[in-house]
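Data first, discussion second: the structure below is written as C-alpha cells.
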Amino acid sequence: MYSGILSCVIFAARSLNRMQPNVVRTEVFEFDNRSMDRQNNMERAAQLIQEGKLVAFPTETVYGLGANALDPMAVAKIFALKERPSFDPLIIHIADLEDLKKLTSEIDERVYLLAENFWPGSLTLVLPKSNRVPDIVTSGLPTVGIRMPANEIARELIRKSGCPIAAPSANKFGRISPTKADHVKKQLPDVDCILDGGKTTVGIESTIIELIEKGFRILRNGIITKEDIESVLPFDETEKTESIVAPGMVKSHYSPVKKMMVADESFRMDIDKSKAGLISFSGKYETGFQKVIRVSETNDLKEYAVNMFEAMHTFEDDIEIDIIIAEPVAETGIGKAIMDRLRKAEYNWRKD
Ligand code: AMP
Ligand code: MG
C-alpha cells in the first residue's frame with residue numbers, strides 16, 4: 001500500500017521533470033570569499049528550496065541534491081531526477097542541534113556524545129524518526145538518517161531555507177558521485193540550481209551508523225572509522241552482526257560508464273595498457289599505462305578518498321581511455337571505505 005502511493009508520487013514528479021527540461025535553466029552560482037553576490041545567491045537558492053525546487057550544493061563529502069525534507073512533493077523530485085528507487089532512503093541534513101530534536105522521537109545520551117565529537121562532520125546517525133518526517137524520505141522506515149555537514153555553504157543554505165534538507169549525492173542512481181560542480185552538471189543538467197563551492201574536501205560519502213542496545217553498527221564506511229567511533233562509544237557490535245540492514249546498499253554503485261577494474265595486489269591483468277587509465281596510489285605500477293592519475297604523492301589514504309571519484313570522472317570523459325584500473329589498498333581504517341567504493345564501481349564490469 002505504502003510503496004504503491006510512493007511510486008505514484010515519484011511517477012508524477014518524474015513526468016513533471018520530463019515536461020520541464022526545455023523551460024528549466026540551471027542557475028549556477030559560484031561561491032568563493034571574493035564573490036560580491038554571495039548573499040544574493042544564497043538567498044535565491046534558499047528561495048528555490050522553499051518553493052519546492054532542487055538545489056545541488058557542496059558538502060564536505062560529495063555534492064548533494066537537496067530539497068525541503070518536510071515537503072513530500074519536493075522530495076519526490078529528488079527520486080525522479082536521480083532515477084533512484086523508492087526503497088533507498090535519504091539522509092536529512094541539519095545546521096543546528098535544535099533541528100535534531102524536531103526530526104527524531106527519541107534521543108539518548110550517546111547521540112549528544114557523538115554529535116559533540118563528530119558534528120559538524122561526515123557522520124550520519126540513523127535514529128527513530130518523528131511524525132514530522134515524511135515517509136518518502138525514509139522509504140517507509142521508522143528510522144531516519146541525519147547529519148550535520150561541515151561545509152559552511154551547506155549549513156548556510158539549510159539555515160536560510162528555514163528547513164532541514166534531504167540530500168543524496170547529486171548524480172544519477174548508481175553512477176559516480178560528484179566532488180565538483182561540473183560533475184553535477186554532467187549528470188543532472190536539468191537541476192534547478194547548483195551552488196559551486198569548488199572541490200569537496202573529504203571526497204567520499206559519510207560514515208553511517210545505527211545505535212543498538214550495546215553499542216553501534218556501521219551501515220556504511222567512511223572517513224570516520226570504526227576506531228574513531230569506538231574512542232567515543234566504548235562498545236561495538238559490528239563484528240558480531242551477521243547481516244547489516246541498510247536499504248539501498250546495492251552491490252553495484254559509483255559506476256563509470258566505461259569498464260572499470262580494481263587490480264589485484266600483484267597487478268597481473270590481461271588488458272591493453274595503451275587504452276587504460278590508472279588510478280595510482282603507491283606510484284609503483286605506473287609503467288605502460290596510457291594515462292596515470294596519482295591520487296596521493298605521500299601515500300595518504302585521505303587523499304585517495306578526496307581524489308578517487310574525480311579521477312574516475314576524468315577517465316570516464318577521456319576519449320583515449322577505454323578501461324579504468326584502480327590500485328587496491330589494505331582494507332583497514334579509511335582503506336575499508338575506499339575499497340568499498342572501488343569494489344562497487346567495478347561490480348558490473350567484473351561480471352562481463
Ligand atoms: P546517500 O545515497 O549517500 O544519501 O546515502 C543514503 C544511504 O543511507 C541509503 O542508501 C541507506 O543505505 C542509508 N540510510 C538512510 N536512511 C537510513 C535508515 N533510516 N536506515 C538505514 N539506512 C539508511
Ligand atoms: Mg549516492
Taking Val329, Val144 and counting other C-beta atoms within 10 Å, the order from fewest to most: Val329, Val144
Potential lengthening between Tyr112 and Glu213 on full extension [0.36 nm per residue; Cα-Cα distance subtracted]: 34.8 nm
21 Å Cα-Cα threshold exceeded, pairs from Lys172/Lys199; Lys101/Lys129; Lys102/Lys129; Lys77/Lys336; Lys185/Lys258: Lys77/Lys336
Cut-off of 10 Å, at most 11 other beta carbons, DSSP loop: longest stretch of the chain lacking such GluC sites (Glu not before Pro): 107-212
Calculated on alpha-carbon atoms, Rg and Dmax of region 129-237 in Å: 16.0, 46
For the chain, fraction of C-alpha pairs farther apart than 29 Å, in %: 40
Kirkwood Rh (inverse of mean 1/r, distinct Cα pairs), region 155-209, angstrom: 12.7
Alpha-carbon centroids, region 92-107 and region 284-333: separation in whole Å: 37
Sequence of Tyr63, Tyr254 once ranked by neighbouring C-beta atoms within 10 Å, starting from the fewest: Tyr254, Tyr63
Relative counts (whole %) of C-alpha pair distances in region 78-137, using bins that are 10 Å wide: 19, 50, 26, 6
Relative contact order of the chain, pairs being alpha-carbon contacts under 8 Å that are 6 or more residues apart, as %: 18
Globularity ratio of region 173-306, using Cα Rg and 2.2 N^0.38 Å: 1.30
Straight-distance crosslink candidates among lysines, where the alpha carbon sits under 18 Å from Lys284 and sequence neighbours closer than 8 are dropped: Lys273
Residues Gln50 and Lys102, FRET efficiency given R0 of 25 Å [Cβ-Cβ distance, rounded to 0.05]: 0.90
Residue order, fewest to most beta carbons within 10 Å, for Ile321, Ile209: Ile321, Ile209
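Throughout, read-outs are computed from the coordinates displayed, never taken from laboratory work. Keep in mind it's a predicted model, so treat the numbers as computed, not measured. Quick reminder, even Gly has a Cβ in these numbers, built from the backbone with ideal geometry, and neighbours come from all protein chains shown.
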